[in-house]
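Asker: The structure follows.
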Amino acid sequence: MSSFNTERYLNDNGIPYRTHGGNIVSGYFNIACPFCGDHGFHRGIHPQNGYTNCWRCDKQSIESLIKELEQCSWKKAFSIVKKYSIKDCDIIESKEEIEYKTTLDLPKDFSQHFPQGYKEYIEDRGFDFLELRKKYNILASGSHGKYKFRIIIPIFMNGRMVSYVGRDVTDKQNEKYKYCEEKNVVVPRKDLLFGLDSVKSRTAILTEGVFDAINVGDGAVAMLSINFTRSQVLQLKEKGIENFYLGFDKGELAQNKAKELEGMLTFAKNINYIELPEGVDDLGELNKEDVKSLRRIIF
Ligand SMILES: [Zn+2]
């Protein structure tokens with residue numbers, strides 16, 4: 001892991017910043033946000049987490065902020081981040097390292113007994129319940145506790161269950177997807193990839209959500225968010241994947257993020273964008289016939 005030498009970058013470029021005062025969280029360098037035309041030092045850059053937050057607009061990666069500040073290409077922005085990156089050991093760590101678990105303990109009320117409503121949710125989305133249970137070891141959460149009324153999808157990496165995500169079957173809870181709490185995970189959220197073990201060649205389809213990847217089948221990897229991290233990208237590289245098919249949601253935000261990801265995949269030989277048919281918003285909605293022909297083209 002490395003960090004972005006924010007202080008040096010800002011000084012080198014004569015960008016005014018503040019490190020304390022109103023609204024400034026300790027450890028952050030705050031600058032005027034170039035995305036929303038702010039003059040009040042609302043965008044905070046944290047050297048270690050790879051992201052920048054604005055009180056007025058949106059979260060952005062460091063690369064995306066530099067691209068905006070310098071009005072340069074993604075390639076240039078990435079090379080600047082690289083130039084200003086420093087190894088963690090060069091920094092005096094103020095925060096204690098979180099110790100992650102070595103095995104994942106599932107809550108006791110997760111079970112293989114699926115009430116009718118859970119099965120219906122799965123079938124309504126066009127999936128085969130028995131196949132999902134067998135292939136992905138999905139579980140039902142029960143009707144109590146933090147994860148109530150959710151289908152639990154375990155996340156395996158290198159054959160180990162390292163985390164899980166629960167999908168609300170009622171569609172009425174605040175969070176559609178609820179992840180295993182960070183204090184209980186084996187692999188933290190920012191490093192998670194779903195389906196990486198299913199990649200058996202140098203080619204992979206990258207999706208946003210877990211059901212997108214399940215619908216496409218083996219060789220599809222869900223990034224589980226559109227805030228892609230360098231650690232995720234590094235794992236894709238280490239897996240030996242060179243040919244990427246990006247299959248993110250149709251919306252503008254997801255498509256912009258896909259472009260950002262393209263800039264991060266510097267080692268890729270080919271990067272293609274999957275074009276979804278009319279009326280289909282994400283790969284999870286693609287019908288069986290279309291999945292078949294997509295797979296025939298790609299694999
Ligand atoms: Zn802003």
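FYI, it's all coordinate maths here, none of it is from the lab. None of the values given here were measured: they were computed from a predicted structure. Cβ placement follows ideal geometry from the backbone for every residue including glycine, while neighbour counts extend to all protein chains displayed.
Asker: So if I place +1 on the C-beta of Lys and Arg and -1 on the C-beta of Asp and Glu, and nothing else carries charge, what would the dipole magnitude of the chain be about its Cα centre? I want it in debye, nearest 20.
Answerer: Values: 43 positive and 43 negative charges, 98 e Å.
That gives the chain a dipole magnitude of about 480 debye.
Asker: Extending each Cα 7 Å along its Cβ direction at residue 254 and residue 70, get the distance between those two points in nm, one decimal.
Answerer: Here the answer is 3.1 nm between the modelled labels.
Asker: So in the chain, what percent of DSSP beta bridges are antiparallel if you round to the nearest 5? Walk me through the intermediate numbers first.
Answerer: Values: 27 of 39 bridges.
DSSP beta bridges in the chain are roughly 70 percent antiparallel.
Asker: Also, I was wondering about something else. Checking the a/c ratio against 1.5 first, then a/b against b/c, what shape does the Cα gyration tensor give for segment 2-90? Numbers along the way, then the final one.
Answerer: Working: a/c = 1.69, a/b = 1.19, b/c = 1.42.
Oblate, since a/c reaches 1.5 and b/c is not below a/b.
Asker: Going by average Cβ density within 10 Å per residue, which order do the peptides 184-190, 290-296 take, highest to lowest? Don't skip to the answer; put the middle values down first.
Answerer: Values: 184-190: 17.3, 290-296: 13.7.
Per-residue mean Cβ counts within 10 Å order the peptides as 184-190, 290-296.
Asker: log₁₀ I(q)/I(0) of segment 217-256 at q = 0.22, 0.23, 0.30 Å⁻¹, via Debye over equal Cα point scatterers, no solvent, to two decimals?
Answerer: For the requested q values the scattering log ratios are -0.85, -0.92, -1.26.
Asker: Continuing with this model, one more query. Is the chain best put as rounded, prolate or oblate by its Cα gyration tensor, with a ≥ b ≥ c the root eigenvalues, rounded for a/c under 1.5, and otherwise prolate when a/b is larger than b/c, oblate when not?
Answerer: Working: a/c = 1.93, a/b = 1.52, b/c = 1.26.
Because a/c hits 1.5 or more and a/b exceeds b/c, the chain counts as prolate.
Asker: Calculate the dipole size of segment 198-258 relative to its Cα centre from +1 charges on Lys and Arg beta carbons and -1 charges on Asp and Glu beta carbons; express the result in debye to the nearest 20.
Answerer: Working: 7 positive and 7 negative charges, 45 e Å.
In debye, rounded to 20, segment 198-258 gives about 220.
Asker: A further question follows. What number do you get for segment 37-163 when its Cα radius of gyration is normalised by 2.2 N^0.38 Å, N = residues? Please report the intermediate quantities before stating the final value.
Answerer: On the way: Rg = 22.0 Å, N = 127, 2.2 N^0.38 = 13.9 Å.
Rg over 2.2 N^0.38 Å, computed on Cα atoms: 1.59.
Asker: Here is a follow-up. Given a cut-off of 19 Å, what percent of all Cα-Cα pairs of segment 188-284 lie beyond it? The partial results should precede the final answer.
Answerer: Details: 1486 of 4656 pairs.
Value for segment 188-284: 32 percent of Cα pairs lie more than 19 Å apart.
Asker: Within segment 29-92, report the trypsin sites (Lys or Arg not before Pro) that DSSP leaves as loop and that have at most 12 other Cβ atoms within 10 Å. Mind showing how you got there, number by number?
Answerer: Values: sites: 43, 56, 59, 67, 75, 76, 82, 83, 87; in loops: 56, 59.
Answer by residue number: 56, 59.
Asker: Taking the Cα centre of segment 2-90 as origin, sum charge times position over the Cβ atoms of Lys and Arg (+1) and Asp and Glu (-1), and report the length of that vector in debye to the nearest 20.
Answerer: Details: 11 positive and 9 negative charges, 30 e Å.
Value, rounded to 20: 140 debye.
Asker: Stretched out fully, how many nm does the piece from residue 48 to residue 102 gain, at 0.36 nm a residue minus the Cα gap?
Answerer: Working: separation 54, 0.36 × 54 = 19.44 nm, distance 2.41 nm.
Answer, rounded to one decimal: 17.0 nm.
Asker: What spacing in nm lies between the two simple spin-label points modelled at residue 181 and residue 59, each 7 Å away from Cα in the Cβ direction?
Answerer: The modelled label-to-label distance comes out at 2.0 nm.
Asker: Skipping prolines and chain starts, which residues have an amide H placed within reach, meaning under 5 Å, of the one on residue 40, given they are 5 or more residues away or on another chain?
Answerer: So residue 40 has HN proximity to 33.
Asker: Moving to a separate point now. Mind checking the full-extension length gain between residue 7 and residue 239? Use 0.36 nm per residue of separation minus the Cα-Cα distance, one decimal, nm.
Answerer: 80.1 nm
Asker: A follow-up question, please. Have a look at 55, 277, 163 and report the one farthest towards the positive end of the charge dipole of the chain, computed about the Cα centre with Cβ charges (Lys/Arg +1, Asp/Glu -1).
Answerer: 163
Asker: From the backbone phi of segment 212-226, what are the Karplus-calculated ³J(HN,Hα) couplings (6.51 cos²θ - 1.76 cosθ + 1.60, θ = phi - 60°) in whole Hz, Gly and Pro given as x?
Answerer: Result, rounded to whole Hz: 4, 5, 4, 5, 7, x, 4, x, 9, 10, 8, 7, 6, 4, 10.
Asker: Still on this structure: Can you list which of the chymotrypsin sites (Phe, Trp or Tyr not before Pro) found in segment 247-292 are DSSP loop residues with at most 15 other C-beta atoms within 10 Å? Walk me through the numbers before you get to the answer.
Answerer: Details: sites: 248, 267, 273; in loops: 248, 267.
Sites meeting the loop and neighbour criteria: 267.
Asker: Per DSSP helix of 4 or more residues, -39500 (n - 2.57); summed, then divided by the residues of the chain. What does that give at 222 nm, rounded to the nearest 500? Please list the in-between numbers first.
Answerer: Numbers: 9 runs with 83 residues, N = 299.
Mean residue ellipticity, 222 nm, calculated: -8000 deg cm²/dmol.
Asker: Over segment 196-298, what is the mean sequence separation of C-alpha contacts under 8 Å (at least six apart), divided by residue count, expressed as relative contact order in percent? Write down the numbers at each step before the final one.
Answerer: On the way: 150 pairs, mean separation 31.5, N = 103.
Result for segment 196-298 is 31 percent.
Asker: When ranked by the protection proxy of mean other Cβ atoms within 10 Å per residue, highest first, what sequence do the peptides 237-247, 217-227 form?
Answerer: On the way: 237-247: 17.8, 217-227: 20.9.
By packing density, highest mean first, the sequence is 217-227, 237-247.
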